[in-house]
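Asks: Please see the structure below; I have some questions.
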There are 4 protein chains.
Amino acid sequence: MFAYERTAQYHETDQMGVIHHSNYVKWMEEARVAFLDSVGLSYRSMEEDGVLSPVIGISLEYKRPVRFGDVVSITVTPANYTGVRYELRYTMTNRSTGEVCTTAVSRHCFLKNGRIVSLKKVLPETDRILMQDAMKD
Amino acid sequence: MFAYERTAQYHETDQMGVIHHSNYVKWMEEARVAFLDSVGLSYRSMEEDGVLSPVIGISLEYKRPVRFGDVVSITVTPANYTGVRYELRYTMTNRSTGEVCTTAVSRHCFLKNGRIVSLKKVLPETDRILMQDAMKD
Amino acid sequence: MFAYERTAQYHETDQMGVIHHSNYVKWMEEARVAFLDSVGLSYRSMEEDGVLSPVIGISLEYKRPVRFGDVVSITVTPANYTGVRYELRYTMTNRSTGEVCTTAVSRHCFLKNGRIVSLKKVLPETDRILMQDAMKD
Amino acid sequence: MFAYERTAQYHETDQMGVIHHSNYVKWMEEARVAFLDSVGLSYRSMEEDGVLSPVIGISLEYKRPVRFGDVVSITVTPANYTGVRYELRYTMTNRSTGEVCTTAVSRHCFLKNGRIVSLKKVLPETDRILMQDAMKD
């Protein structure tokens with residue numbers, strides 16, 4: 001299973017003494033970019049081909065706080081890929097404690113020239129990769 | 001109904017040319033702090049009294065992008081206050097277009113000395129305010 | 001003198017219990033955009049005309065910390081406008097205490113199609129405004 | 001010479017299509033924490049000992065833009081350590097192009113119970129390390 005690792009930074013803390021909850025949304029994106037890269041889908045090339053993949057929804061459950069210096073491991077698993085939309089699920093584990101700190105989901109579509117498109121039409125190779133990967137799950 | 005207004009900033013844009021989706025989580029917090037203030041509950045005093053109110057979950061639906069310079073109006077309505085947990089619902093409307101851009105929910109509890117507490121016990125006055133406000137809805 | 005006002009947000013605090021120093025760079029940008037707007041130079045229209053005005057250098061002196069909920073007033077004064085480069089100076093005053101918390105400088109140029117250009121050539125009207133304003137100072 | 005490496009993230013881009021200039025201040029902090037760690041000075045332990053080391057000034061020169069996905073290598077060298085204040089110098093090189101993208105300086109002091117202190121008194125071991133390191137330079 002794909003995992004992305006990230007050290008919690010000082011500039012990400014807030015005055016409660018823990019990582020501010022908005023940062024996990026950025027960590028999800030970092031893990032997503034790394035995951036897509038790992039299945040051969042470079043976000044950078046996709047955008048250079050004029051295809052964008054915006055976030056249409058996110059949901060996060062904060063279970064335990066993370067502190068400055070903690071290393072968090074984020075697994076990413078694809079789900080519900082329809083050729084037009086896909087969903088990714090994230091489990092963030094604090095490696096310092098071994099405990100799950102946050103679980104999350106993000107949902108995405110594909111846009112070309114500002115319109116929602118079927119990935120099968122605009123990037124068939126990428127479509128094939130995501131389809132296989134979602135089926136494995 | 002309470003509304004908080006916010007101009008979308010240049011430093012909040014990303015290379016898609018729109019506000020990056022992580023910023024809406026910060027806007028929810030700004031609107032929440034202003035809303036709680038409007039019902040007589042100062043976040044700052046609450047923390048000075050040793051009571052924290054962390055976020056335990058959030059969920060956002062991104063409907064339309066917001067651009068640099070757009071003014072966004074965010075309404076906040078309380079829901080499901082139990083004395084231990086509360087939920088806030090947010091509707092963000094782009095005043096430049098009149099369209100709803102994002103809807104969201106956040107869920108919170110209260111902590112004192114690192115333990116979940118009933119607000120009724122630690123801050124009875126605030127409990128009364130939130131209870132009334134949640135009932136109005 | 002132009003002043004931009006800004007409330008320090010919870011999500012801008014760090015675990016020292018004060019506003020994290022990186023946020024002042026964003027506040028400078030917000031004040032700069034508002035200042036340029038006040039002299040008739042919309043950053044948004046400028047970019048729509050294909051002219052960018054990137055930051056080429058910044059310098060900040062942190063004198064006193066700012067806390068969550070404090071209101072900071074930021075004055076912006078132009079200096080050293082040459083038609084190709086300009087400099088802006090910022091004084092940030094904490095309105096809760098009346099004390100200067102931070103002073104800063106930013107330096108900028110103008111780019112069109114990725115090349116440094118004289119503003120006089122690409123946006124003569126804006127050039128005239130900045131020149132007058134820098135001379136007043 | 002100490003170097004810290006960092007991949008430029010999507011959430012750090014702005015609508016110019018490059019990394020927003022405020023993020024380099026966060027990268028300086030990440031490199032600083034890693035550098036101090038490399039000389040045996042854990043920022044986390046220092047704060048647990050009640051010693052803070054706030055930023056009292058920064059200065060950055062932006063020479064070339066960095067794009068999403070670029071890997072940036074940041075060298076950190078100490079300078080001007082006086083026992084009360086120290087300065088760090090940063091050179092950021094874009095590994096994708098081999099070019100220096102940004103140079104920067106940060107200045108710091110040490111605080112205990114809100115007062116500026118001599119590191120020699122409060123953390124003599126750390127003082128010895130920084131002194132040696134600044135002399136090497």
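No lab work stands behind these numbers, since they all come straight from the coordinates. Source: prediction; values computed, not measured. Ideal geometry is used to build each Cβ from the backbone, glycine not excepted, and the neighbour counts take in all protein chains shown.
Asks: Distances from C:E47 to the same residue in each other copy, label points 7 Å out along Cα→Cβ, in nm, shortest first?
Replies: C:E47 label point versus its equivalents elsewhere: 1.3, 3.0, 3.2 nm.
Asks: What number, in percent, do you get for the relative contact order of segment C:3-136 if the mean sequence gap of Cα pairs under 8 Å and at least 6 apart is divided by its residue count?
Replies: 27
Asks: Which angle from 0 to 90°, rounded to the nearest 10, does the C-alpha axis of helix D:124-136 make with the longest principal axis of chain D?
Replies: Between the helix axis and the principal axis of chain D, the angle is about 50 degrees.
Asks: Any chance you could check the Cα centroid distance between segment C:94-136 and segment A:6-61 for me, in angstrom?
Replies: If you average the Cα positions of each part, the centres end up 33 Å apart.
Asks: Of D:V39, D:V51, D:A3, which is farthest towards the positive pole of chain D's charge dipole, taken about the Cα centre with +1 and -1 on the beta-carbons of Lys, Arg and Asp, Glu respectively?
Replies: Working it through, the farthest residue towards the positive pole turns out to be D:V51.
Asks: Could you tell me whether the protein assembly as shown comes out rounded, prolate or oblate from its Cα gyration tensor? Rule is a ≥ b ≥ c as square roots of the eigenvalues, rounded for a/c under 1.5, then prolate if a/b exceeds b/c, otherwise oblate.
Replies: In terms of gyration-tensor shape, rounded.
Asks: In addition: Under the definition of partner shielding as Cβ atoms of other protein chains within 10 Å of a residue Cβ, what is the mean value for peptide C:17-30?
Replies: Other-chain Cβ atoms within 10 Å of each residue's Cβ, averaged: 6.
Asks: Can you give the charge dipole size of chain B about its Cα centre, rounded to the nearest 20 debye, using +1 on the beta carbon of Lys and Arg and -1 on the beta carbon of Asp and Glu?
Replies: Values: 17 positive and 17 negative charges, 69 e Å.
Here chain B has a charge dipole of around 340 debye.
Asks: Can you list, shortest first in nanometers, how far B:V84 lies from the same residue in the other copies, with each label 7 Å from Cα toward Cβ?
Replies: 4.2, 5.4, 6.9
Asks: Taking the Cα-to-Cβ direction at D:Q132 and at A:Q132 and moving 7 Å from each Cα, how far apart do the two end points lie in nm?
Replies: 5.3
Asks: Still on this structure, I have one more. Can you spot the lysines whose alpha carbon is less than 17 Å from D:K26's alpha carbon? Ignore those fewer than 8 places along the same chain.
Replies: Within the straight-line limit of under 17 Å, D:K26 reaches these lysines: A:K26, C:K26.
Asks: Here's another thing I want to ask about it. Could you name the aspartates and glutamates whose alpha carbon sits less than 18 Å from that of B:K121, not counting residues in the same chain fewer than 8 places away?
Replies: B:E47, B:E48, B:D49
Asks: Label point 7 Å out from C:R44 along Cα-to-Cβ: which residues of segment B:54-68 have amide N under 11 Å?
Replies: Residues B:67-68 qualify, since their backbone N sits under 11 Å from the label point.
Asks: Any idea what the C:N113 label distances to the other copies are, label 7 Å down the Cα→Cβ vector, nm, shortest first?
Replies: When each copy's label point is compared with this one, the spacings are 2.5, 6.6, 7.1 nm.
Asks: Treat every Asp and Glu Cβ in the protein assembly as shown as -1 and every Lys and Arg Cβ as +1, leave all other atoms uncharged, and give the resulting dipole magnitude about the Cα centre to the nearest 20 debye.
Replies: The dipole of the protein assembly as shown has a size of about 0 debye.
Asks: Follow-up. In whole Hz and in residue order, list the ³J(HN,Hα) couplings for segment B:30-39 that follow from phi through the Karplus curve 6.51 cos²θ - 1.76 cosθ + 1.60, θ = phi - 60°; x for Gly and Pro.
Replies: 4, 5, 5, 4, 5, 5, 4, 4, 5, 9
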